[in-house]
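Encoded as structure tokens, the structure appears first; notes follow it.
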Amino acid sequence: MGLKKTPLYDKHVEAKGKIIEFAGWEMPVQYEGLTQEHNAVREKAGLFDVSHMGEVDVKGLGAAEFVQTLVTNDASILEDNQVMYGMMCQEDGGVVDDLLVYKFDRNHFYLVINAANIDKDFAWIEKVSKNFDVEVENISDSVGEIAIQGPLAQEILQKVMQFDLKDLAFFYTKRDVDVAGVNCMVSRTGYTGEDGFEVYSEAADIPKVWDALLEAGKEEGLVPAGLGARDTLRFEACLPLYGHEINESITPLEAGLSFFVKLDNDNFIGRDALIKQKADGIPRKLVGFELDKGIAREGCDVLKDGKKIGFVTTGYKSPTLGKSVGLALVEREFGEMGAEFEVQIRKNVRSAKIISKRFYKKNYKK
């Protein structure tokens, strides 16, 4: 089976984007360069193709109860058209995936899941849904999605729509708005640590929105940005990536995501296991670290006095900080702030020190 292409694939080729395979898709990893695109988002604005993400429509009288069982966070407190981040867990507390939950009304929710996990996630969602008065539909192929992120994102997006974006609060959405002549849903969400928006439309219409935004943002310095910058941006803001900071063998509590796990809410799947893990003492901890030299990559062993105590989940030379930092999952006893350990990078062992894993202060509109 061949690689999938998003509706914007031809736009990436025209813009001389460097195309790579990602989660079964042909996607641009960069255009002009990762660092330039990263800095554009931090200082001005960047435009991302995220049409490869998955979308699941949830409808029925049991929709609210179903989502409350499926997701670790508390969907019962959501207002209509509010968005929530959470995770779907297995019975043992491992993470099936992280996702965004959009509540349109009590009987209609919309789930946005990771591109690499669409088939697995939908199979899980379908399985759980059997116990509820609800219909779930995988609509991923019919949806196009782009993200405009950065301090000038609102100013640029406002040029191509009538709805006043000042009225859209963080983690809320507005449906059926005209963006460049296209009927869209716009949410004040993103994955970069900056203010920004995600724009959804019918897949066939998303290229028109893409072109209109790039044209509207010329003077402000809006640039198309690839997967490379998307990863460095989310990493600096300590936003997890499935398969790195969380997966089926890493629980949300180990990954430092307890804020999004409401153990006192209804009996979501995995709750009992997570309650037990918290009571017994969470065995591992996600920490941030700084290296004296070299760049740590995913999977590098973390050592203390020659003994393996964990592994690197993500590592980069941070474009914003200009230094080599990373995230690692380590045995809890070695995870205190300021503690030192070593990282095995190929044949070299490099010294590292634990620092705050929030390498960059998030700039969200509250």
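The values are calculated or read from the model by the stated rules, or taken from the named source; none is laboratory data. Only a predicted model underlies this, so the values are computations on that prediction, with no experimental measurement involved. Quick reminder, even Gly has a Cβ in these numbers, built from the backbone with ideal geometry, and neighbours come from all protein chains shown.
Of the residues Gln149, Gln154, Gln162, Gln158, which single one is within 29 Å of Gly243 (Cα to Cα) and out of contact with any His (no Cβ under 6 Å at 6 or more places or on another chain)?
Working: Gln154 fails: within 29 Å of Gly243 (Cα to Cα); Gln162 fails: within 29 Å of Gly243 (Cα to Cα); Gln158 fails: within 29 Å of Gly243 (Cα to Cα).
Matching residue, one of Gln149, Gln154, Gln162, Gln158: Gln149.
For the subset of the stretch 289-300 comprising residues that are within 23 Å of the chain's Cα centre (by Cα) and small (Gly, Ala, Ser), which member is surrounded by the most Cβ atoms within 10 Å (Cβ to Cβ)?
Only one residue fits best here, namely Ala296.
What residue, of Glu194, Glu220, Glu254, Glu198, is in the same structural domain as Ile20 (by TED's automatic domain parsing) and over 17 Å from the mean Cα position of the chain (by Cα)?
Going through Glu194, Glu220, Glu254, Glu198 in turn, just one is in the same structural domain as Ile20 (by TED's automatic domain parsing) and over 17 Å from the mean Cα position of the chain (by Cα): Glu220.
Would you check if there is a residue in the stretch 121-143 being under 16 Å from the mean Cα position of the chain (by Cα), in a helix (DSSP H, G or I), under 22 Å from Tyr110 (Cα atoms) and not aliphatic (A, V, I, L, M)? Show your work before the answer.
First, pick out the residues of the stretch 121-143 that are under 16 Å from the mean Cα position of the chain (by Cα): 121.
With the extra rule that they be in a helix (DSSP H, G or I), the set shrinks to 121.
The next check asks that each one be under 22 Å from Tyr110 (Cα atoms); those that pass are 121.
Now restrict to residues that are not aliphatic (A, V, I, L, M): 121.
Yes, the stretch 121-143 has at least one match.
Among the candidates Asn39, Asn81, which residue alone is touching a strand residue (DSSP E or B) at 6+ places or on another chain (Cβ under 7 Å) and touching a residue at least 60 places away in the same chain (Cβ under 8 Å)?
Asn81
What are the pairs, 6+ residues apart or on separate chains, where a residue within the stretch 233-259 that is more than 23 Å from Glu91 (Cβ to Cβ) has its Cβ under 8 Å from a residue that is aromatic (Phe, Trp, Tyr) and outside any loop (DSSP other than H, G, I, E, B)?
Close Cβ pairs satisfying both conditions: Phe235/Tyr316; Leu241/Phe235.
Among what's in the stretch 108-120 and is under 11 Å from Val58 (Cβ atoms) and crowded, with 18+ Cβ neighbours inside 10 Å, pick the residue that is nearest to the chain's Cα centre (by Cα).
The residue in question is Leu111.
Hey, does the stretch 70-84 have a residue that's over 27 Å from Asp195 (Cα atoms) and either surrounded by 19 or more Cβ atoms within 10 Å (Cβ to Cβ) or not assigned by TED's automatic domain parsing to the domain that holds Asp231 (or both)?
Just the residues of the stretch 70-84 that are over 27 Å from Asp195 (Cα atoms), to begin with: 70.
Then keep just the ones that are either surrounded by 19 or more Cβ atoms within 10 Å (Cβ to Cβ) or not assigned by TED's automatic domain parsing to the domain that holds Asp231 (or both); that gives 70.
Checked against the condition, which is being over 27 Å from Asp195 (Cα atoms) and either surrounded by 19 or more Cβ atoms within 10 Å (Cβ to Cβ) or not assigned by TED's automatic domain parsing to the domain that holds Asp231 (or both), the stretch 70-84 yields at least one hit.
Pick from Lys365, Lys353: which is surrounded by fewer than 17 Cβ atoms within 10 Å (Cβ to Cβ), touching a residue at least 60 places away in the same chain (Cβ under 8 Å) and not in a loop (DSSP other than H, G, I, E, B)?
Lys353
Pick from Ala45, Ala23: which is assigned by TED's automatic domain parsing to the domain that holds Ala225, modelled with pLDDT under 95 and not basic (Lys, Arg)?
Every option except Ala23 fails the conditions.
Exactly one condition in (1) free of Cβ contacts under 8 Å to residues at least 24 places away in the same chain; (2) within 23 Å of Gly243 (Cα to Cα); (3) not in a strand (DSSP E or B) is false for Gln277; which is it?
Only one criterion in (1) free of Cβ contacts under 8 Å to residues at least 24 places away in the same chain; (2) within 23 Å of Gly243 (Cα to Cα); (3) not in a strand (DSSP E or B) is unmet by Gln277, namely (1).
Condition first: buried (at least 17 other Cβ atoms within 10 Å of the Cβ), in contact with a strand residue (DSSP E or B) (Cβ under 8 Å, 6 or more places away or on another chain) and basic (Lys, Arg). Can you find one or more residues in the stretch 230-240 that meet it?
Yes: one or more hits.
Taking the condition of being part of a strand (DSSP E or B), in contact (Cβ under 8 Å) with a residue 40 or more places away in the chain and either among the hydrophobic types (A, V, I, L, M, F, W, C) or crowded, with 20+ Cβ neighbours inside 10 Å (or both), how many residues in the stretch 301-324 meet it?
Selection size over the stretch 301-324: 5.
For the stretch 331-345, which positions are of a type in the set (D, E, K, R) and either at pLDDT below 95 or not in a loop (DSSP other than H, G, I, E, B) (or both)? Reasoning before the result, please.
Step one: of the stretch 331-345, the residues of a type in the set (D, E, K, R) are 331-333, 336, 340, 342.
Glu331, Arg332, Glu333, Glu340, Glu342, listed by residue number.
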